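Bear in mind these aren't lab numbers, they're just calculated from the coordinates by the rules spelled out. Being a predicted model, the structure only gives us computed values, none of them experimental. Here the Cβ positions follow ideal geometry from the backbone for every residue, glycine too, while neighbour counts run over all protein chains shown.
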Amino acid sequence: MKWLAGVLLLILGLLVVVAVYARMAPSDPARWHEMPGAVTNRDLAGGAMRVVGAGEDGLARLDAIIRDTPRTSVLAGSVEEGMITYVTRSAVFGFPDYTTIRANGPQIEIYARLRFGASDLGVNAARVERWLALFSEGG
């Protein structure tokens, strides 16, 4: 029975280490504040890409929606620069996901991706779809 308690304590300790690392690992804007060469409407194993019509003030409206999302902050960029990267952290462990939005003429390009792991189980795509639903409602 002592070995079981030891194993459980070890697992708990590893979970704490992972949670602390996920929250404390630095986010380098030079690495995350970028867009791929071609953004298309598609889901990725660890994220999603979307291209939407924006209108004149589209980037500013989408920026306001994203900034209102819990556990989300700006990593780099601004509306004036035409490109912004956000970090959204998961509720329990604080794993960071990065979303970059860029104005490209009358459209907005969105690139959402995870930092750790190989699959986000559709979390980034779902988040982007929620933002776009609010955006299309005029939010």
Stretch Ala5-Arg31 to full length: gain in nm at 0.36 nm per residue minus the Cα-Cα span? 5.2 nm
Length-normalised contact order of segment 81-139, Cα under 8 Å, at least 6 apart, in percent, tallies to 22
Residue-averaged [θ]222 nm for the chain, counting only DSSP H segments that reach four residues, each worth -39500 (n - 2.57): -11500 deg cm²/dmol
Under the √(5λ) rule applied to the eigenvalues of the Cα gyration tensor, what semi-axes describe the equivalent ellipsoid of segment 88-139? Give them in Å, descending. 23, 13, 9
Starting from the Cα of Arg23, step 7 Å toward the Cβ, then list every residue of segment 84-110 with an amide N under 19 Å from that point. 87-98
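What do you get for Rg/Rh of segment 28-136 when both radii come from the Cα atoms and Rh is the Kirkwood radius?
0.92
Please list the helices of the chain that count as membrane-span-like by this rule: a mean Kyte-Doolittle hydropathy of at least -1.0 together with Cα atoms stretching 18 Å or more along the helix axis, each helix being a complete DSSP H run.
2-24, 123-136
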From the residues Val51, Phe95, Ala30, which one has its Cα farthest along the dipole of the chain in the positive direction, the dipole being from +1 and -1 charges on Cβ of Lys/Arg and Asp/Glu about the Cα centre? Phe95
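Once Rh for segment 33-83 is found with the Kirkwood sum over Cα pairs, what is the Stokes-Einstein diffusion coefficient at 25 °C and 0.890 mPa s, in µm²/s?
D, rounded to a whole number, is 193 µm²/s.
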Return the FRET efficiency for the residue pair Thr72, Thr40: r is the Cβ-Cβ distance, R0 is 22 Å, and the value is rounded to the nearest 0.05. 0.35
Could you size up the charge dipole of the chain around its Cα centre, putting +1 on the beta carbon of Lys and Arg and -1 on that of Asp and Glu, and report it in debye to the nearest 20? 680
Relative contact order for segment 28-136: what is it in percent, counting Cα pairs under 8 Å that are at least 6 residues apart? 32
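Count charges around Arg115 for me, please; just the other residues with Cβ under 13 Å from its Cβ, Lys/Arg as +1, Asp/Glu as -1.
Summing Lys/Arg as +1 and Asp/Glu as -1 gives +1.
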